[in-house]
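Readers should treat all values here as calculations from the given coordinates under stated rules, not as data from a laboratory. Predicted model, so just to flag it, every value in this text is computed and none were measured. Here the Cβ positions follow ideal geometry from the backbone for every residue, glycine too, while neighbour counts run over all protein chains shown.
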Amino acid sequence: MEELRNEQGLTEKEFLQQYRPGDYERPAVTVDILVFAVNETLDALKILLIRRKNHPYIQCWALPGGFVEMDESLEEAARRELEEETGLQDIYMEQLFTFGEPGRDPRSRVISTAYMALIREKTVNVQAGDDAADACWFTIRQNDSEMELVGDNGEILRYHIKQIPMFIGGVSMIQESVYKKEDSGIAFDHEKVIQMGLSRLRNKAEYTNVLFGLMPEEFTLPELQKLYETVLGKTLYKANFRKKISRYLEPTGTKKVQEGTKRSPELYRFQDINIDFG
């Protein structure tokens, strides 16, 4: 069978032999990683940030990440950068979104794919690596108009949020727009990445079992409700929560002994099925 030729009469092999990538402008590709964690007492949702060691945005806080090398996949790059900047290894990550607005990086045209993970804070010992001046957990505190990230080191980062009501396909929704403060202390457009990641995490908590892995093997219902309230950022009605969650739990037949109280709440464990909060 005769090989196909283009308008210049070239076969694919001939075309590739004379093709020069340098003749065309090309964007750089980076990865950013959102690592969310819940503290041991289940009352604080945190995100891991690194302090940049070099320009641009030197000394500002950013998500761990960096440029993708020519011989690695996006996920390989994300895992390498995460280990280089924080020391974290072998954690489950999933792809969040690709960010490609022009001007998001002053160095050049940069397109970034974000990954996200959810872990237990007490299971890791985070340390800044060679590519970061520091690494720190920041507690997430959000109201209707402002996000506040409070670092374990005492630093506070803030940016504005505007909630826009929308009605799509007969469903009422809220779209969040982020307005960065010039002195927010956050590099690039990472406040937008954080906000989208937080929204995705909360949505997944509503209809999947993503939070199950953050609980110990045995737990009480108040402890489980506290975890969901911390991640979702809202108070849940006890009766409604227990009605929805009970089908996914089984009692252990034992109770938790609590010092200083006569109450001994029953302990539960998760059944091995998915959750759907509908």
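With the dipole of the chain worked out from charges on the C-beta (+1 for Lys and Arg, -1 for Asp and Glu) around the Cα centre, which of Leu49, Gly103, Thr235 lies farthest toward the positive end? Value computed over the given set: Thr235.
For the range 27-207, give the share of DSSP beta bridges that are antiparallel, in percent and rounded to the nearest 5; count only bridges with both residues there. Approximately 75 percent, going by the DSSP bridge assignments. Remark: the chain carries a charge dipole of roughly 1600 debye about the Cα centre, counting +1 on each Lys and Arg Cβ and -1 on each Asp and Glu Cβ. Given the alternatives [x] 20.4; [y] 25.8; [z] 21.5, Kirkwood radius over Cα pairs in Å as computed for this entry is given by [z]. With 10 Å bins beginning at zero, the pair-distance distribution over Cα atoms of the range 212-270 amounts to 21, 53, 25, 1 %.
Once you keep just the Cα pairs under 8 angstrom separated by 6 or more residues, what percentage relative contact order results for the chain? Show your work: numbers first, answer last.
On the way: 470 pairs, mean separation 44.0, N = 278.
Reported relative contact order: 16 percent.
For the range 69-168, the set of GluC sites (Glu not before Pro) satisfying both a DSSP loop assignment and a count of at most 13 other C-beta atoms within 10 Å is given as Glu69, Glu72.
Can you tell me the dipole magnitude for the range 212-270 around its Cα centre, using point charges on the Cβ only (Lys, Arg +1; Asp, Glu -1), in Debye to the nearest 20?
On the way: 12 positive and 7 negative charges, 69 e Å.
Here the size comes out at about 340 debye.
Sorted largest first, the spans of the alpha carbon positions of the range 1-146 along the three principal axes are 69, 35, 34 Å.
Per-residue ellipticity at 222 nm, computed for the chain from helices alone with -39500 (n - 2.57) per DSSP H run of at least four residues, works out to -6500 deg cm²/dmol. Estimated from the Cβ-Cβ distance and a Förster radius of 30 angstrom, the FRET efficiency linking Tyr248 and Gln95 is about 0.70.
So what's the gap between the Cα centers of the range 33-57 and the range 190-236, to the nearest angstrom? Cα centroid to Cα centroid, the span is 16 Å. Projecting the Cα atoms of Ser184, Gly129, Asn143 onto the dipole axis of the chain, where Lys and Arg carry +1 and Asp and Glu carry -1 at the beta carbon, places Asn143 farthest toward the positive end.
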